[in-house]
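The structure under discussion appears below in the form of structure tokens.
Nothing in this text is a laboratory measurement; each read-out follows from the coordinates by a stated rule. Model, not experiment: these values are computed from the prediction. So basically every Cβ, Gly included, is an ideal-geometry build from the backbone, and we count neighbours across all protein chains shown.
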Amino acid sequence: MRTQVAIIGAGPAGLMLGRLLQQAGIDNVILERKSADYVLSRIRAGVLEQGTADLLHKVGVGERVQAEGLPHDGIEMCFDGDLQRIDFTARVGRHVTVYGQTEVTRDLMDARQASGVETVYEADDVALHDIDSDHPHVTWRKDGVTQTLDCDFIAGCDGFHGVSRASVPERALALFDRHYPFGWLGILVEKPPVSEELIYAHHERGFALCSMRSLTRSRYYVQVPEGEKVENWSDDRFWDELRARINPEAAERLQTGPSIEKSIAPLRSFVAEPLRFGSLFLAGDAAHIVPPTGAKGLNLAISDVAMLGAALAEFYGERSKAGLDTYSKRALARIWKAERFSWWMTSLLHTFPETGAFGRRIQRADFDYLCGSVAAQTSLAENYTGLSLD
């Protein structure tokens, strides 16, 4: 087999890149080690920056986002019960859209299937070869038969644990990593959201987030210590803890019920540099991880492949390597800004065992400054709704 671009990974990053390349007339094949059903079973959050939602419309898969997505013009920030709304529309003239990552994946997957472009699911033992040359190739096993795909370029969109980054010589990578000493215990419940907008709350007992999947399905989180076990948390214990951490008015409105999903997600910050190794380009979680506090994970992956897709279109359309040569630098500049914002949101809203009373006073001062400063609110709104690709 031969194609122009081999894409490793059929998550939203790989599928969006495939869609962009298809629209540019560039042949591509996606290889995914899991089944399509498994990919769609991965439940992830979904707050779309305006640029992400706009790109979904641009590539022709925005119909359901338009019909089912929930536009949000702001968020609510809470500190020990004191509430401050950040008005995105007033500050920067943009908004975000609540629409699940799973649904983004489904929309892109359905569009790819309808177009007839090839995706190989359940591709075992995927291996990248000759990535430091102009003639790379990929091998995998399917139904016990080893197959080979020759290509011009490889896009590694296969996540943090994927084969793409692991194929780069260790000496060629600089890794920047931070683990946080806590996680998010989250539950999904068939109840209307407690608020029309997301509530981010800091409390001396820990962080809490009131989010949603739809007008009838809510997602809630509380900060728990690293190593905590889901089985230690009954639904009643969770609801009691959430009520204690959010503002009293929201606690009074909160509708509780049996959880339909409950899990704990660890938090980390991670960046790999550079993002290009010969004919291999990294994008999405293969290149970086952000704490979910700033709602940047999915959006950052989409911005990566938007840049990479444009660079590949420039190469094949104009025979120019300029975009490919600058992809890593340009993408990393935006990635580090998103890492900074996610770190700042995490630092403001969580309790850190090592910082003590002094740390909480600094957090309170940061929150008070945010409440009283139009400039600070504008900065938050600008980052949350999404920085320009440029």
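Under 8 Å for C-alpha pairs, at least 6 residues apart: give me the relative contact order for the chain, rounded to a whole percent. So the answer I get is 20 percent. The overall shape of the stretch 83-131 is prolate: from the C-alpha gyration tensor, with semi-axes ordered a ≥ b ≥ c, the ratio a/c is 1.5 or greater and a/b exceeds b/c. By the count of other C-beta atoms within 10 Å, a proxy for reagent exposure, Glu196, Glu76, Glu314, Glu354 are ordered fewest to most as Glu354, Glu196, Glu314, Glu76.
Think of it as helices only: each DSSP H run of n ≥ 4 in the chain is worth -39500 (n - 2.57), and spread over all residues that comes to -12000 deg cm²/dmol at 222 nm. Seen against the Cα atoms of the chain and their longest principal axis, helix 356-372 is set at about 80 degrees. Taking 0.36 nm per residue of separation and subtracting the current Cα-Cα distance, fully stretching the chain between Lys321 and Asp124 would add 67.7 nm. When each of Tyr200, Tyr38, Tyr316 is scored by the number of other beta-carbon atoms lying within 10 Å, the sequence from fewest to most is Tyr38, Tyr316, Tyr200. Residue ranges 43-56, 323-336 sort as 43-56, 323-336 when ordered by packing (mean number of other C-beta atoms within 10 Å per residue, highest first). Rg and Dmax over the alpha-carbon atoms of the stretch 263-313 stand at 12.4, 40 Å. Grab the beta carbon distance between Glu204 and Glu226, set R0 = 30 Å, and tell me the FRET efficiency rounded to 0.05. In this case the efficiency is close to 0.95. Peptides 171-177, 112-118, ordered by how many other C-beta atoms sit within 10 Å of their residues on average, highest first, read 112-118, 171-177.
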